[in-house]
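The next block holds one structure in the form of structure tokens; read it before the comments.
Bear in mind these aren't lab numbers, they're just calculated from the coordinates by the rules spelled out. Being a predicted model, the structure only gives us computed values, none of them experimental. Don't worry about glycine lacking a Cβ; one is built from the backbone with ideal geometry, like all the others, and counts go over all protein chains shown.
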Amino acid sequence: MLGWRLGDYRLALLFAGSVVLLASVVYWYADRIATGMVGARELAPTEALPFQQAVDRLAPRAGVVRPRLYVIRDGFPRALSAGRGARGGAAIAVSSGLLAVATPAELEGIVAHELAHLRNRDVLVQTLAVTLAAAVIELSRLGGLFQRGLLFALGPLAASLQHLLLSPNREYDADRVAAELCGSPHGLADALLRLEQAMEIVSFQASPVTEPLYTANPFAEEGLATLFVTHPPLGMRVARLRALDPDWREKLRAARACRARPQLPGHGKDERAAGIRSAPDPGRKEMGGDLLSREIALRVPSARAGLTSLFGMGRGVSPLL
């Protein structure tokens, strides 16, 4: 009896030590585990300079240590953050597709959103939730012929872990902080609409357990992926961001009217630029110009900017003009 008790005690110690060791590894290497799950690689100092410059500019404002930067060699526009939080041990990854299509203001808004997650430290909870859910899903592979049945049994359990640990309000808070860091909510709002456009055109194939890491849910809400949706509706996020600048419709109409005004002979680009900057928003200075000129730059139709971004329309968002 005494020997059995000692053996049971040692087994319990071994189990507890294994749990502590595993938790320590996940905590200290959370960013590398998450970036490895999505196939990201660390950026070289000379790669994706606009992305790196945006991080260098916004990280001190957010009060966070500059995270490690990664790129995902994928044409689907997406971004994510993972790791421990504001004091180090964090990473931000963007896809090559996002770097190709995002305007500077949109890229800045996405970077600010991910830095806000680091500052709020909810990135640690997100990373741990994803790691735990992925471990539960991987258990289904042990089932052999019964793998599909185990997946349907363990999938809801993994999703429940994520919903227990994560609240949709974390995204609203990160959006608000991102708008403060950028000085304008419209860069992030336009970026969210651009991400939605990509989801409507191209399907995204990956493990749905990684959904909490991304700026917006990149998965089609069908099948098993519906269980892992932790982001609030994108339309609600865009509407809340627009509401942070309630006069933006009037500013945009005035800007469009200014652009449509016929030019007098002998007046060139300098006068047109002066007309654009004649009515800045008092007290709201933007990097590279005032808010009004920046809003015009965001909404000039181009080969890359579609009608959704121009008019602020998206899933769950009514026409704003």
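Below are the figures for this structure:
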{"quantity": "Full-extension gain in nm, TYR172 to CYS258, via 0.36 nm per residue minus C-alpha separation", "calculated": "27.6 nm"}
{"quantity": "Dimensionless Rg ratio for the range 183-263, taking C-alpha atoms and the 2.2 N^0.38 Å reference", "calculated": "1.43"}
{"quantity": "Cα-only Debye scattering, the range 31-240: base-10 log of I(q)/I(0) at q = 0.07, 0.12, 0.13 Å⁻¹", "calculated": "-0.19, -0.57, -0.67"}
{"quantity": "Most to least packed among 104-117, 166-179 [average Cβ atoms within 10 Å]", "calculated": "104-117, 166-179"}
{"quantity": "Additional length obtainable on full extension of the chain from ARG61 to SER18, 0.36 nm per residue less Cα span", "calculated": "11.5 nm"}
{"quantity": "Potential lengthening between ALA134 and SER160 on full extension [0.36 nm per residue; Cα-Cα distance subtracted]", "calculated": "8.1 nm"}
{"quantity": "Karplus (6.51, -1.76, 1.60) ³J(HN,Hα), θ = phi - 60°, over the range 60-70, in Hz, Gly and Pro reported as x", "calculated": "x, 5, 6, x, 10, 5, 4, x, 6, 10, 10"}
{"quantity": "Computed Rg/Rh of the range 57-109, alpha carbon atoms with Kirkwood Rh", "calculated": "1.00"}
{"quantity": "Per-residue Cβ neighbour rank within 10 angstrom, fewest leading, PHE204, PHE51, PHE152", "calculated": "PHE152, PHE204, PHE51"}
{"quantity": "Distance between modelled label sites at SER203 and GLU250, nm, 7 Å Cα→Cβ extension", "calculated": "4.7"}
